[in-house]
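These notes concern the structure reproduced below.
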Amino acid sequence: MATFLRIYYFYLAQKLRIHKLQNTPSHTDQLLSQAQELMGRVFGFREFRPGQEAILEAIFSGEETLVVMPTGGGKSLCYQLPALILPGVTLVISPLIALMKDQVDSLSVFDVPAISVNSLMGIGEQEEALQKIAEGSYKLV
């Protein structure tokens, strides 16, 4: 079974490619407008918190972006909004399984297709999750 998972992970890695965005300023502005509309419609927030708009602008412009904010500062929206707007799957690396669960649970309330894959899952659950990810069933992993 371990060999199958290694092969499957390789297959998944080949299917999930990293794309570098190269947007024009006007396209970046359109994406920011979409993000603001989506933020209100899906998550119920009217305005960006301090720093969020600049972070989203950097992401939509194709810049490599590192965000360091305090707990409750709005980091999650900084990757959730681009994940919902841009094509493909967004991979989120989290050190805590509890945090993964909280994120997926909160996203499911808003009907955002998200899943976590972690060490507490059985092999069958992992295989099923990876298959659904490869099929494009989720926007956030």
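The values are calculated or read from the model by the stated rules, or taken from the named source; none is laboratory data. Remember, predicted model here, so these are calculated numbers, not experimental data. Neighbour counts run over all protein chains shown; Cβ positions are idealised from the backbone, glycine included.
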Tell me which of these Pro95 doesn't satisfy, since it passes every other one: (1) within 22 Å of Ile133 (Cβ to Cβ); (2) surrounded by 11 or more Cβ atoms within 10 Å (Cβ to Cβ). (2)
Restricted to region 13-49 and to residues being loosely packed, with under 15 Cβ neighbours inside 10 Å and small (Gly, Ala, Ser), the residue modelled with the lowest pLDDT is Ala13
Return the residue satisfying two criteria in turn: it lies in region 102-129 and is among the small types (Gly, Ala, Ser) and closer than 17 Å to Leu91 by Cα, and of such residues it is surrounded by the fewest Cβ atoms within 10 Å (Cβ to Cβ). Ser119
Positions within region 52-66 being surrounded by 15 or more Cβ atoms within 10 Å (Cβ to Cβ) and either in the same structural domain as Phe110 (by TED's automatic domain parsing) or assigned to a loop (DSSP other than H, G, I, E, B) (or both), in sequence order: Ser61, Thr65
Does Lys132 qualify as being out of contact with any Cys (no Cβ under 7 Å at 6 or more places or on another chain) and without any contact (Cβ under 8 Å) to a residue 40 or more places away in the chain? yes
